[in-house]
Structure formats: structure tokens, C-alpha cells
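The block underneath contains the structure these notes are about, expressed in C-alpha cells.
The values are calculated or read from the model by the stated rules, or taken from the named source; none is laboratory data. What you see is a predicted model, and the numbers here were worked out from it, not measured in a lab. Heads up, the Cβs are rebuilt from the backbone with ideal geometry, glycines too, and the neighbour counts pull from every protein chain shown. Ligands, DNA and RNA are excluded from the accessible area calculation, which covers all protein heavy atoms including side chains. Shrake-Rupley method; radii C 1.70, N 1.55, O 1.52, S 1.80 Å.
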Amino acid sequence: MTFPTIVRTTTRAIDTFTLWTGRVVAWFAVVLMFAIVYHVILRYGFEAPTVWAYDITYMLYGSMFMLGSAYCLLKGGHVRTDFLYNRWSPRTQGIVDTIAYVVLFFPAMYLFFDAGYIYAERSWEQLERGFYSPWAPPIYPFKTAIPVGIAFLILQGVSELLKSLHAAVYGRWP
């Protein structure tokens, strides 16, 4: 016995979306690396440091962290007490995961999304610029990665909750 087709289709669609976004966001690391290498070559090779490298690196890394969190959840990369969890039956794992998603994950993600949305909204209203460097880049697009990343994480959480329910009901992971 398996979950209804609509549930399987839903989890596959969400997982595919998360996999795709994770692969796109992974390319941020390449851009980040080139920005750092370019800056280091100019700074130490030609004594002409860039004014934008620091801003680009923290914006790219922060965006990678936020936008890649759903991918990390999909791949099981978040913190878990595996020495206990791995000893449990799939049914017990599913029950514990279901309770954790409903009681802890979704309420926390709602609060984070709400706060992140307000944070990004204010930044857009002010057309906020960074004051950390003479370049003073616009940072409102960067701050938008917070609620977007949390929305991706909530969406992947729905898929993980459905898989957990499957394990709790059927005693095996889909």
C-alpha cells in the first residue's frame, strides 16, 4: 500500500523544484570564487584592491546559505541526532519526524518568514544601500533572499512532512 498518487506527485514535484534550485544556487560558489581570486590577484599582484569584493562575497555567501537551505533539507544535511535516529524503525522515524515538523519546524519557519519578509520589505521601501564600503551597493535584493529562502525551505518541509507521514503510516520511506 502506498500514499495516493497526488501525494507522490506532489512530493516529487517539490523535490524536483528543490533539486533544481539547489543546483542553480550552487553556481553562486563559482562566482564567489572568481570574485575572491580576482580581488586577491589585483590586491597582491598589482596593489590595486577592489572596492566591491567584500560586498559581493558576503552577499553571495549569504544568498547561498539562505537559498540552499531547502536543498540541504532534501539531502538530509541538517543537524539530527543520528546515533539514536538510525536505530529506530522507519515507522518510529516517521512519527518523530511528523511531530517535529508540525510542532517545531513549521511554527518556527512561519516566524522566520514573517520577520524576514518585514526585514526585506523595509529594505526595499528604503532602497537600502550597504554602508560597509565606499561602493555602497544596493542590498535590498540580497535581503530578499531571506524570505525567498525560507519559502523554499517551507515548501521542502511540506514534502518532508508528507514523506514522514508515509513512513509513519506504512512503516517504510517512500
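Accessible area of the stretch 41-167 with a 1.4 Å probe: how many percent of it is carbon plus sulfur? Please list the in-between numbers first.
Values: 5200 of 7670 Å².
Within the stretch 41-167, the accessible surface is 68 percent carbon and sulfur.
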note = Between the Cα axis of helix 140-170 and the main Cα principal axis of the chain, the angle (0 to 90°, nearest 10) is 20
message = Given points 7 Å out from each Cα along the Cα-Cβ axis, report the Val103 to Ala13 separation in nanometres with one decimal.
response = 3.1
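At 1.4 Å probe radius, can you tell me the per residue accessible area of the stretch 64-174 in Å²?
Working: 6580 Å² over 111 residues.
Counting only protein heavy atoms, the per-residue value for the stretch 64-174 is 59 Å².
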message = Restricting to DSSP H runs of at least four residues, report the calculated mean residue ellipticity at 222 nm for the chain, -39500 (n - 2.57) per run over all residues, nearest 500 deg cm²/dmol.
response = -24000 deg cm²/dmol
ask   = Scanning the chain for trypsin sites (Lys or Arg not before Pro) in DSSP loops with at most 14 other Cβ atoms within 10 Å, what's the longest stretch left with none?
value = 88-171
request  = Compute the signed sum of charges (Lys and Arg +1, Asp and Glu -1) over the other residues within less than 15 Å, Cβ to Cβ, of Leu162.
outcome  = +1
